[in-house]
1. Consider P82 carefully, then state whether it is over 22 Å from P22 (Cα atoms) and touching a Pro at 6+ places or on another chain (Cβ under 6 Å).
2. Which one of these is surrounded by 17 or more Cβ atoms within 10 Å (Cβ to Cβ) and within 19 Å of V13 (Cα to Cα): V111, V102, V63?
3. Which residues, counting only those in the stretch 116-146, are polar (S, T, N, Q) and either in a helix (DSSP H, G or I) or closer than 23 Å to G101 by Cα (or both)?
4. Considering each of T145, T91, T151 in turn, give the residue that is in contact with an Asp or Glu (Cβ under 9 Å, 6 or more places away or on another chain) and of a type in the set (V, I, T).
5. Exactly one of these conditions fails for L58: (1) within 16 Å of the chain's Cα centre (by Cα); (2) loosely packed, with under 14 Cβ neighbours inside 10 Å; (3) within 18 Å of L133 (Cβ to Cβ). Give me its number.
6. Being at positive phi and at pLDDT below 85 is the filter here; which residues of the stretch 28-56 pass it?
7. Hey, among F41, F37, which residue is in contact with a Phe, Trp or Tyr (Cβ under 6 Å, 6 or more places away or on another chain) and either closer than 21 Å to L142 by Cβ or of a type in the set (G, A, S) (or both)?
8. Taking into account only those residues within the stretch 76-97 that are modelled with pLDDT under 80 and of a type in the set (A, V, I, L, M), which is nearest to T151 (Cα to Cα)?
Amino acid sequence: MKLRRDTIVTVVVFIAIAISIPFAIVDTLEKGRIYLFSRQFLEELPQRFTGPGRFRFLLQPLVAIVLGIRGGLRDAKAGNPPYLFRLFLGTGHRKEWLRSGVAAIGSLLAVGIILDLIFQLVLYHSVHPGPALVVGPVLICLPYTLSRALTTRLARRIGAR
């Protein structure tokens, strides 16, 4: 069996989350709240944008947009409908289309989760897996899906002229 970079990164994410879950459970039991749904999370959210690692809030969406544009051009060339339209309203191959999107951004998504866990440790001296599983994917999935869908639509319109 040959290990691929994607597989290694995914395994590292699962290990990091598995290690952080017991600490999050202890924190929840001690403080009587779930960090992701707490006032503390909302108060600390701006620190993510101003503290160490703020560059990732630009870099990760930018890379996701570039990957989305690449996927959108490929979709337009293949004659496929825009990604979001196809994913949510299409019939038949939804799992395959979702898998293609995850394959395109899987490593980026995993790195986003790992970075969020690291920055939590640096900024707050504790790690909570919930926010890492929310913040990282939002920074990546939303820009990716929107740029892929818009690129497909735009490329098809330009190509039709």
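1. When the stated conditions are applied, P82 does not pass them.
2. The conditions single out V111.
3. Selection gives Q120, T145.
4. Answer to the check: T151.
5. Unmet condition: (3).
6. Passing the criteria: only G53.
7. Unique residue meeting the criteria: F41.
8. By that ranking, first place goes to L84.
The values are calculated or read from the model by the stated rules, or taken from the named source; none is laboratory data. This is a predicted model, so every value here is computed, not measured. Cβ sites come from the backbone with ideal geometry, for glycine too, and all protein chains shown count toward neighbours.
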